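Presented below is the structure to which this report refers.
The values are calculated or read from the model by the stated rules, or taken from the named source; none is laboratory data. Just so you know, these numbers come straight off a predicted model, no measurement behind them. Cβ: placed from backbone, ideal geometry, glycine included. Neighbour counts: every protein chain shown. For the accessible areas, the whole protein counts, side chains as well, though only heavy atoms, and no ligand, DNA or RNA atoms are used. Shrake-Rupley method; radii C 1.70, N 1.55, O 1.52, S 1.80 Å.
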Amino acid sequence: MHHFLEANPRLETPFFLIDLDLIEQQYRLLREALPFAACYFAMKSNSSTAVIQRLNQLGSRFEAASIYEIRRCLALGVPPRDIHFGNTIKKDSHILEAYRLGVHSYAFDSSQELEKIAQLAPGSNVSCRLATDGKGAVWGLCRKFGRDPDDVVELMKYAHSLGLRAYGISFHTGSQQRSAGAWRRTIEICADIIQRLNQQQVYPRLINLGGGFPSYQYAGDEMQPQGDIFEYGKVIKTAVDELLPQGIDCVMEPGRFITAAAGLVKATVILVLDKATDGVPTRWVYLDAGRFNGLYESVDVEYPIITNRTDGTAIRTVLAGPTCDSDDVMYDRDRAVFLPDTLTQGDSLIFTNAGAYSKSYMTVDFNGFPPMQEYVV
Ligand SMILES: Cc1ncc(COP(=O)(O)O)c(C=O)c1O
C-alpha cells in the first residue's frame, strides 16, 4: 500500500485502497490459529471482487448475507456447496433462487423461517442461531438475532420433523470481541443443547463459531484485545475438546479479522476552522470522506490516522465529512483524536486499518456524493 501511495500522491480522493497480500496474510494467520475450523469468509465486511477471488483461490468458503452476495460469489466461480446463506431472515424468492443455484446451507432462528426453508429448499442443512450476550465486544450483535437455549432445542427438533437436516448451532459472540472467554461460555451452552437434542434423537453435526475475531490495530487502549489470535485459537480448541461430544465439526465466519488491516481510506482536508462549539473553542477539520462514504464505523472505533504533516503540535481535533448531515462528524464528544495544529486545506489524512465495513457501508448517492473509488494492490 505504501508504494501505491508514494507512486500516486495526487490521485483524486477520497479513495479506498486494499492490499490482497494482507488479506491473504490475515486469512493464513487465522487458519493457522484455528486449524480445526473451516473458514466461511463473511463477505459483508468487504465484498470487493478481488478479495473474493483471492480468498476463493486460497480455498476459503463464503458466508453470504443476501442473494446478491451469493450471485456475486457464483459469478466469480465459487462453488455453491462452499456458500452458506447466513442471514436468519430471508425473502421467499431469495431462498428459492439460492436453492436452485445449488446453495443448501441456511441459518435460521424462527419456526416461520424454517417453514419457508422446508418448502423452498427441502432437505437442506440448517443451523439455528443461538443468542449471545455480546459482552466483551464492541458491537454486541445481540437482541436482533438468536434464540435462548430452550428455543434452540425446540427449533432444531422442528427442523428435523420438517425433513430438513438439523445440522448445526451457530452463534456470534459480537464483532471485535476482545475476550476469548466469550466463545468458551457459548460453547458450553451449545454442549448442553446438543446433549438435550441427542436425548431426543436429533444429532447436530456442526458448531458455527461465527465471526468476531478482533483486529488488533485500532487506536485507543480500550480497543486492545486480550491476547493474540493464537490465544483465541487455544481457548476455543480447549473448549471444543473438553465440552463437545466427538464428531462435531467446527466452522467460523470471520470478517473483520481478515479485512480490517488490509485496507485504508485516503481523504483530503477541505477546510480547517476554529470555532466555539457549545461555548468551547474547537478545532474542526472538514474532509472529503466521512461517515457516509466509508468511515461509518468511526462512531465506535478509532482508525489510526496518518497525515502528511510532520510539524506542529498535536491538538484535539473534530473531524467532519463532506455532506450536509450534522451526523457526518467523527471523533467529536466521546472520542478524542489529536492531529497537528498545522493541518491545512489540501493536506491528506490516511485512515489505516479501515478494510472492514468501510467500503461496504458506503451510501451510493447521499447528497449526490458518489461511492469512493477503490484501488487494489
Ligand atoms: C452472521 C455473521 N457472521 C459473521 C459476521 C462477521 O463478523 P466479524 O466481522 O466480527 O468477524 C457477521 C457480522 O456481522 C455476521 O452477522
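Annotation note: of Ala267, Ala262, the sole residue that is within 16 Å of the ligand (Cβ to nearest atom) and small (Gly, Ala, Ser) is Ala262.
Within segment 226-253, being within 16 Å of the ligand (Cβ to nearest atom), touching a helix residue (DSSP H, G or I) at 6+ places or on another chain (Cβ under 7 Å) and of a type in the set (A, V, I, L, M) holds for Ile229, Ile236.
One residue stands out among those in segment 42-79 that are more than 19 Å from the chain's Cα centre (by Cα) and open to solvent by less than 40 Å² (accessible area, probe 1.4 Å): the one that is farthest from the ligand (Cβ to nearest atom), which is Pro79.
Each residue in segment 347-368 was checked for being under 25 Å from Asp19 (Cα atoms) and either assigned by TED's automatic domain parsing to the domain that holds Thr49 or more than 16 Å from the ligand (Cβ to nearest atom) (or both), and 9 of them qualify.
Within segment 87-94, can one find any residue that is more than 30 Å from Tyr232 (Cα to Cα) and either of a type in the set (A, V, I, L, M) or at pLDDT below 95 (or both)? Checking segment 87-94: not a single residue is more than 30 Å from Tyr232 (Cα to Cα) and either of a type in the set (A, V, I, L, M) or at pLDDT below 95 (or both).
Being within 23 Å of the chain's Cα centre (by Cα), outside the structural domain of Tyr40 (by TED's automatic domain parsing) and at pLDDT 95 or above is a property that does not hold for Val301. Tallying residues that are closer than 17 Å to Pro304 by Cα and either of a type in the set (S, T, N, Q) or at pLDDT below 95 (or both) within segment 339-358 yields 4. Tallying residues that are of a type in the set (A, V, I, L, M) and under 30 Å from Gly247 (Cβ atoms) within segment 15-61 yields 10. No other residue among Arg283, Arg316, Arg333, Arg291 is in contact with a strand residue (DSSP E or B) (Cβ under 8 Å, 6 or more places away or on another chain), more than 20 Å from Tyr216 (Cα to Cα), among the basic types (Lys, Arg) and not in a strand (DSSP E or B) apart from Arg291. Restricting Leu17, Leu11 to those that are among the aliphatic types (A, V, I, L, M), more than 17 Å from the chain's Cα centre (by Cα) and not in a loop (DSSP other than H, G, I, E, B) reduces the list to Leu17.
Among the criteria (1) within 16 Å of the ligand (Cβ to nearest atom); (2) open to solvent by 50 Å² or more (accessible area, probe 1.4 Å), the one Phe85 does not fulfil is (2).
Selection of segment 337-361 for residues being aliphatic (A, V, I, L, M), in contact with a helix residue (DSSP H, G or I) (Cβ under 8 Å, 6 or more places away or on another chain) and assigned to a loop (DSSP other than H, G, I, E, B) yields Ala354, Ala356. On the stretch given as segment 317-337, residues that are open to solvent by less than 30 Å² (accessible area, probe 1.4 Å) and of a type in the set (S, T, N, Q) total 2.
Tell me, please, whether a residue that is without any contact (Cβ under 8 Å) to a residue 40 or more places away in the chain and among the acidic types (Asp, Glu) can be found in segment 55-70. Scanning segment 55-70, I find at least one residue that is without any contact (Cβ under 8 Å) to a residue 40 or more places away in the chain and among the acidic types (Asp, Glu), so the answer is yes. Please verify whether segment 148-156 includes one or more residues that are in contact with a helix residue (DSSP H, G or I) (Cβ under 9 Å, 6 or more places away or on another chain), within 16 Å of the ligand (Cβ to nearest atom) and of a type in the set (A, V, I, L, M). The answer is yes; a qualifying residue exists.
Look at (1) touching a strand residue (DSSP E or B) at 6+ places or on another chain (Cβ under 8 Å); (2) surrounded by fewer than 22 Cβ atoms within 10 Å (Cβ to Cβ) and you find that Arg143 fails only one, number (1). Just wondering, is there one or more residues in segment 125-136 that are of a type in the set (Gly, Ala, Ser), out of contact with any Cys (no Cβ under 7 Å at 6 or more places or on another chain) and either open to solvent by less than 10 Å² (accessible area, probe 1.4 Å) or more than 14 Å from the ligand (Cβ to nearest atom) (or both)? Yes, some residue in segment 125-136 is of a type in the set (Gly, Ala, Ser), out of contact with any Cys (no Cβ under 7 Å at 6 or more places or on another chain) and either open to solvent by less than 10 Å² (accessible area, probe 1.4 Å) or more than 14 Å from the ligand (Cβ to nearest atom) (or both).
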